[in-house]
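Rule-based calculations on the coordinates, nothing more; no lab input. Since the structure is predicted, the reported quantities are computational estimates derived from the model, not experimental observations. Here the Cβ positions follow ideal geometry from the backbone for every residue, glycine too, while neighbour counts run over all protein chains shown.
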Ligand code: GLN
């Protein structure tokens, strides 16, 4: 299993370590030529969605990756990655991949409350440690989107077909169950 991790910006190394600890092979996507290697799945990490979206476009990787996700390639998207996948953003005029039929609110917890930790149930997984950093949440979902977790009534994790999106950072904890769930999608 070869997983490509978008490495243009953000917390990609933590994803790589976690995936490798679970036995996956990892490659980094930093430039267009990196797309020449075959890979089976994609990770879009946390960081700054505006920067990542701009860089993926400028580096010539955006359309290729969008096609892969649309074509059914499993993708794990965390925080900024979730923003990149969202069909709609309620408080931003930009749009990116638009492959995940949900509406996402950026920086939804405000700047003061931007970072916090909690533990909540994830459907099919159980209680899970959740690290939020200037996180978005999901305001609404279309039919067919499976809501996996909520915190204080707000949706923070979803699955839609091949796409797993979450507001928090599973790669910043020691808990590998989200990454395992992702690898089980193959
Ligand atoms: N606030 C960031 C954004 O809008 C996301 C934060 C994160 O990925 N930790 O892109």
Cα-based shape type of the range 1-101, given that a ≥ b ≥ c are square roots of the gyration tensor eigenvalues and the cut on a/c is 1.5: prolate
Simple spin-label estimate for residue 17 and residue 54 in nanometres, 7 Å along Cα-Cβ: 2.9 nm
Prolate/oblate/rounded label for the range 136-186 (Cα gyration tensor, a/c 1.5): oblate
Segments 114-127, 38-51 sorted - mean Cβ within 10 Å per residue, highest first: 38-51, 114-127
Highest to lowest packing among 171-178, 76-83, 58-65, scored as the average C-beta count within 10 Å: 76-83, 171-178, 58-65
Percent of Cα-Cα distances greater than 17 Å, calculated over the range 18-62: 39 percent
Taking the chain and dividing mean pair separation by its residue count, relative contact order in percent (alpha carbons under 8 Å, at least six apart): 18 percent
Rounded Å value of the spacing that divides the Cα centres of the range 70-101 and the range 139-165: 12 Å
Share, in percent, of DSSP beta bridges within the chain that are antiparallel, nearest 5: 55 percent
Rg/Rh ratio calculated on Cα atoms of the range 34-186 (Kirkwood radius): 0.94
Cα gyration tensor shape for the range 102-184, rounded if a/c is under 1.5, else prolate or oblate: oblate
Those residues of the range 85-118 whose amide nitrogen sits under 15 Å from the label point placed on residue 161, 7 Å along Cα→Cβ: 85-87, 97-102
